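Written out below as structure tokens is the structure these notes cover.
The values are calculated or read from the model by the stated rules, or taken from the named source; none is laboratory data. Keep in mind it's a predicted model, so treat the numbers as computed, not measured. We place every Cβ from the backbone using ideal geometry, glycine too, and count neighbours over all the protein chains shown.
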Ligand code: CDT
């Protein structure tokens with residue numbers, strides 16, 4: 001008896017500043033319908049999937065950026081996506097900028113079940129980039145100005161007959177992200193990302209962006225015996241070239257589907273959740289083999305201590 005979930009990774013090409021939310025939602029619906037025709041149970045959209053990646057610009061008065069954020073989900077403009085998904089009986093995961101009623105700003109993803117109900121909300125934990133304007137950069141990566149880090153951590157929820165977790169972009173580079181979910185029996189991790197090819201602090205990493213993207217998701221999947229779905233917003237957006245290479249990774253660490261373009265593109269894989277047990281029940285039987293008594297530094301310490 002297998003527990004198969006057919007998963008669609010709906011990569012997006014660029015969203016320019018001039019593109020309206022309505023236009024973007026139509027692109028999401030087109031991908032959703034394509035996923036439905038391919039038999040998908042769930043479709044994963046990228047990080048900040050409703051707008052351009054606005055942290056590439058700095059503005060002194062943050063309230064002038066309010067228009068990039070969603071104050072409700074669903075909202076009048078995203079309701080057609082929720083309605084179409086419910087009509088088709090397909091779930092989805094959507095990333096967006098969230099502005100709460102009490103003024104907090106998060107980089108957020110929601111998980112929506114086939115009946116249209118929001119199962120879970122995840123807010124990004126690891127916020128990369130910088131807090132202040134850095135005028136010498138060719139473009140900003142001011143996520144630390146536009147978003148506060150969530151203290152809610154990494155939850156795992158029952159959805160689509162599996163144990164599902166979420167992470168957002170930079171979270172995928174940190175092994176703790178996967179392990180905290182692994183310790184809750186995660187079987188499927190959904191992740192949206194926007195990764196500029198040019199890494200300003202160290203351009204020697206530019207050529208390695210695709211390698212590092214695969215490296216972290218394949219390792220995280222294997223070491224925790226879980227499926228990982230990574231979905232890009234790629235291509236040249238407002239002059240900044242971003243990585244595509246969306247992928248679906250099996251608990252073995254193998255890539256079972258990968259995007260070939262940097263544009264709107266759906267990739268699909270039939271994912272057997274019981275494949276996870278081959279790893280979590282053997283080599284990575286946490287209960288049998290982990291040694292938390294010698295891992296204290298992981299939670300007690302943030303930076304490197306040498307003495
Ligand atoms: N969106 C996001 O988290 N992007 C980062 C870019 C590198 S840090 C400037 C990432 O980890 O892919």
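Pairs under 6 Å by beta carbon, first residue modelled with pLDDT of 95 or more in segment 163-174, partner part of a helix (DSSP H, G or I), six or more apart or different chains?
Sorted first by the residue in segment 163-174, then by its partner, the pairs are 165/181; 167/177; 171/177; 172/216; 172/217; 173/216.
With the condition kept exactly as written, say whether any residue in segment 240-248 is closer than 20 Å to residue 197 by Cα, in a strand (DSSP E or B), out of contact with any helix residue (DSSP H, G or I) (no Cβ under 8 Å at 6 or more places or on another chain) and in contact (Cβ under 8 Å) with a residue 60 or more places away in the chain.
So far as segment 240-248 goes, yes, one or more of its residues are closer than 20 Å to residue 197 by Cα, in a strand (DSSP E or B), out of contact with any helix residue (DSSP H, G or I) (no Cβ under 8 Å at 6 or more places or on another chain) and in contact (Cβ under 8 Å) with a residue 60 or more places away in the chain.
Give the residues of segment 173-196 that are within 10 Å of the ligand (Cβ to nearest atom) and surrounded by fewer than 24 Cβ atoms within 10 Å (Cβ to Cβ), sorted by residue number.
173, 174, 196
Which ones in segment 35-47 are in contact with a helix residue (DSSP H, G or I) (Cβ under 8 Å, 6 or more places away or on another chain) and either within 15 Å of the ligand (Cβ to nearest atom) or in a helix (DSSP H, G or I) (or both)? Break it down stepwise before answering.
The first filter runs over segment 35-47 and keeps only residues in contact with a helix residue (DSSP H, G or I) (Cβ under 8 Å, 6 or more places away or on another chain), leaving 36, 43, 45, 47.
Across segment 35-47, the qualifying residues are 36, 45, 47.
I'd like the full set of residues that are touching a residue at least 24 places away in the same chain (Cβ under 8 Å) and on the phi < 0 side of the Ramachandran plot, limited to segment 109-120.
Scanning segment 109-120 gives 109, 110, 111, 112, 113, 114, 115, 118, 119, 120.
Restricting attention to segment 157-172, report how many residues are away from the ligand (no atom under 16 Å from the Cβ) and either closer than 30 Å to residue 237 by Cβ or in a strand (DSSP E or B) (or both). Break it down into steps so the answer makes sense when it comes.
At the first step, the residues of segment 157-172 found to be away from the ligand (no atom under 16 Å from the Cβ) are 157-165.
Checking the rest, the ones that are also either closer than 30 Å to residue 237 by Cβ or in a strand (DSSP E or B) (or both) come to 157-159, 162-165.
Adding up the residues that qualify gives 7.
In the list 154, 82, 92, which residue meets the criterion of being within 21 Å of the chain's Cα centre (by Cα) and assigned to a helix (DSSP H, G or I)? So that I can check it myself, show each step before the final result.
Numbers: 154 fails: assigned to a helix (DSSP H, G or I); 92 fails: assigned to a helix (DSSP H, G or I).
The conditions single out 82.
Quick one: residue 59 ticks every box in (1) touching a strand residue (DSSP E or B) at 6+ places or on another chain (Cβ under 6 Å); (2) outside any strand (DSSP E or B); (3) free of Cβ contacts under 8 Å to residues at least 40 places away in the same chain except a single one, so which number is it?
All conditions pass for residue 59, except number (1).
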